[in-house]
Amino acid sequence: MKPTGLSLLLLFICGWASMTEASAQTTIVSAFDVIHYDVQLEPDVINKTVTGKVLIRLISRVDNLETIEFDCGALLIDAVRENKEGLKFTRNGSRLNISLSRPAKAKGRRTIEVEYHGSPRRGIRFFPDRGQVYTAFSNSQWMVCVDAPEDRATLRLNLVVPAKAHTVANGRFVARHKSASGKIVHEWRQEKPVPTYTFGFAAGEFHEVTERHGRVRLRYLAAQFSDDELRRIFRDTEDMIRFFETRAGVRYADETYTQVLAAQGYGQEMSGFAVMGESYGRQVLGDERDVWLGAHEVAHQWWGNMVTCRDWNHFWLNEGMAAFMAAAYTEHRFGQAEYLREIEANRVNYLKVRDAGKERSLVFPNWTAPTAEDRMLVYDKGAYVIHLLREQLGERDFWAGIRHYTRTYFGKSVTTPDFQRAMEQASGKNLADFFAKRVYLTKR
Ligand SMILES: [Zn+2]
């Protein structure tokens with residue numbers, strides 16, 4: 001995309017709008033750890049509703065755990081059970097509070113079943129006239145879960161869909177079943193634990209193109225483009241994956257990477273796939289250099305999905321990094337001028353925020369109600385600061401630091417001090433002044 005369009009787009013990618021409720025979750029995560037979700041979900045695209053049932057397997061971290069809380073968005077809870085026995089529950093805003101019939105012991109495993117339905121207004125997007133639906137970040141709007149980035153879990157998703165639907169969800173497609181009532185069910189399994197905000201699916205009357213590039217199978221789903229156009233739109237995908245694998249020092253974690261062009265959308269990364277709007281496809285067909293968004297979402301498969309900010313206060317580690325890495329990809333693909341153009345767009349957007357007197361530390365004290373400027377800082381200043389770090393360290397030390405950071409924290413949660421430490425360890429340089437001045441604003 002053109003740099004002039006960058007800031008507007010950045011304001012809408014990656015589901016930031018839905019983050020408010022997901023920001024204050026650390027307290028509930030600390031009492032127990034969810035290890036697996038088993039979800040059966042029927043989205044009704046015409047009526048924009050969902051009906052679901054989730055089995056949540058968890059391990060208590062404390063002794064005598066009597067109540068547990070999940071995020072439930074605006075979903076209506078129909079029943080809560082453990083071993084077929086009904087449990088008492090109340091809701092407090094978007095939290096579901098459940099009283100266990102007997103307290104959990106430390107390290108005790110429990111499985112809670114929740115039935116629910118609802119008409120989510122965010123976290124999932126329905127396009128009735130196009131027969132499409134996909135999820136977007138705020139997952140407690142369509143499945144009861146712990147919606148905090150540090151709680152990783154595996155997932156089995158049984159998605160009830162119309163007969164003509166093509167689907168993508170996390171991990172591996174297992175099978176197409178017929179339910180007892182004759183409905184079509186697509187079963188997907190995510191077998192490596194990932195943060196719940198990277199759970200999701202897309203379903204619709206898409207046509208599908210599949211290509212295999214080495215180890216990774218690439219799927220393209222869209223309704224509005226020919227097979228040949230889809231191959232052209234996504235022709236750099238293999239190169240993106242290879243580039244990020246080299247920069248990360250870690251291989252792409254899945255066997256398949258799927259990209260969906262839905263009726264509308266700005267870009268939403270999920271584990272193993274991304275959903276973008278048809279407008280992205282038209283942009284790339286118009287100008288082959290407009291692949292920044294596609295590269296940004298591929299970059300999230302490492303930075304965001306696998307190396308994940310511990311809480312949203314460190315969100316710049318997800319978004320600033322993915323924005324920087326997308327620019328770095330454009331440098332690899334189209335040359336340094338293209339990279340500098342992207343970074344300059346980041347810098348200009350950052351200066352707008354700074355000159356308006358809205359600059360803040362990149363590490364937020366409490367990311368509960370971020371403003372548009374806060375988000376621009378996280379994306380634009382985040383990418384720009386990582387670029388400045390690259391200039392300060394030089395090519396060899398900077399990329400060695402990125403590899404060390406990514407390898408050290410792959411599949412784990414990170415904070416900004418973790419990032420600083422990894423870059424210092426790899427480069428042998430003290431970055432306290434750099435982080436004080438550029439990240440924390442504690443030194444001018
Ligand atoms: Zn992003």
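The values are calculated or read from the model by the stated rules, or taken from the named source; none is laboratory data. Since this is a predicted model, take the numbers as computed values, not measurements. FYI the Cβ positions are ideal-geometry reconstructions off the backbone, even for glycines, and counts take in every protein chain you see. Calculation scope for accessible area: heavy atoms of the full protein, side chains included, ligands and nucleic acids excluded. Shrake-Rupley method; radii C 1.70, N 1.55, O 1.52, S 1.80 Å.
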| Matching strands (runs of 3 or more DSSP E) fully within the range 231-308 where at least 2 residues are polar (S, T, N, Q) | 256-262
| said: Yes or no: the range 343-361 includes at least one residue that is open to solvent by less than 10 Å² (accessible area, probe 1.4 Å), within 15 Å of the ligand (Cβ to nearest atom) and not polar (S, T, N, Q). | reply: no
| request: Inspect the range 174-194 for any residue being in contact (Cβ under 8 Å) with a residue 24 or more places away in the chain and among the hydroxyl-bearing types (Ser, Thr, Tyr) and give the result as yes or no. | output: no
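Quick grid of which residues meet (1) in contact with a His (Cβ under 6 Å, 6 or more places away or on another chain); (2) away from the ligand (no atom under 16 Å from the Cβ); (3) not polar (S, T, N, Q):
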| site | (1), (2), (3) |
| --- | --- |
| 235 | no, yes, yes |
| 238 | yes, yes, yes |
| 247 | no, yes, yes |
| 252 | no, yes, yes |
| 259 | no, no, no |
| 263 | no, yes, yes |
| message | So in the range 91-121, with the set limited to residues that are out of contact with any helix residue (DSSP H, G or I) (no Cβ under 9 Å at 6 or more places or on another chain), of a type outside the set (Ser, Thr, Tyr) and in a loop (DSSP other than H, G, I, E, B), which one is nearest to residue 62 (Cα to Cα)? | response | 106
| query | Exactly one of (1) free of Cβ contacts under 8 Å to residues at least 40 places away in the same chain; (2) of a type outside the set (Val, Ile, Thr); (3) within 19 Å of residue 198 (Cβ to Cβ) is unmet by residue 228. Its number? | reply | (3)
| query | For the range 364-371, does any single residue satisfy the condition of being buried (at least 24 other Cβ atoms within 10 Å of the Cβ) and within 15 Å of the ligand (Cβ to nearest atom)? | reply | no
| message | Is it the case, given these coordinates, that residue 202 is of a type in the set (Gly, Ala, Ser), assigned to a strand (DSSP E or B), within 26 Å of residue 48 (Cβ to Cβ) and open to solvent by less than 10 Å² (accessible area, probe 1.4 Å)? | response | yes
| request: Scan the range 133-152 and give yes if some residue there is farther than 28 Å from residue 312 by Cβ and either open to solvent by 30 Å² or more (accessible area, probe 1.4 Å) or of a type in the set (S, T, N, Q) (or both), otherwise no. | output: no
| Failed condition for residue 128, given (1) open to solvent by 20 Å² or more (accessible area, probe 1.4 Å); (2) farther than 23 Å from residue 185 by Cβ | (2)
| Candidates 297, 319, 288, filtered to the one that is away from the ligand (no atom under 11 Å from the Cβ) and either crowded, with 23+ Cβ neighbours inside 10 Å or of a type outside the set (Phe, Trp, Tyr) (or both) | 288
| message | Which condition from (1) open to solvent by 10 Å² or more (accessible area, probe 1.4 Å); (2) more than 12 Å from the ligand (Cβ to nearest atom); (3) of a type in the set (Ser, Thr, Tyr) is the one that residue 271 breaks? | response | (1)
| task | Within the range 153-185, track down each residue that is open to solvent by less than 10 Å² (accessible area, probe 1.4 Å) and not hydrophobic (A, V, I, L, M, F, W, C). | result | 167, 170
| request: Determine whether residue 55 is touching a residue at least 40 places away in the same chain (Cβ under 8 Å) and open to solvent by less than 20 Å² (accessible area, probe 1.4 Å). | output: no
| said: I'm told residue 276 meets every condition in (1) open to solvent by less than 20 Å² (accessible area, probe 1.4 Å); (2) of a type outside the set (D, E, K, R); (3) in contact (Cβ under 8 Å) with a residue 40 or more places away in the chain except one. Can you identify the failing condition by its number? | reply: (3)
| query | What number of residues within the range 205-225 are in contact with a His (Cβ under 9 Å, 6 or more places away or on another chain) and not in a strand (DSSP E or B)? | reply | 4
| query | Which residue pairs have Cβ atoms closer than 6 Å, lie 6 or more positions apart in sequence or on different chains, and pair a first residue in the range 78-100 that is crowded, with 16+ Cβ neighbours inside 10 Å with a second residue that is modelled with pLDDT under 95 and not in a strand (DSSP E or B)? | reply | 94/21
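Of all residues in the range 302-313, count the ones that are open to solvent by less than 10 Å² (accessible area, probe 1.4 Å), away from the ligand (no atom under 11 Å from the Cβ) and farther than 16 Å from residue 378 by Cα.
2
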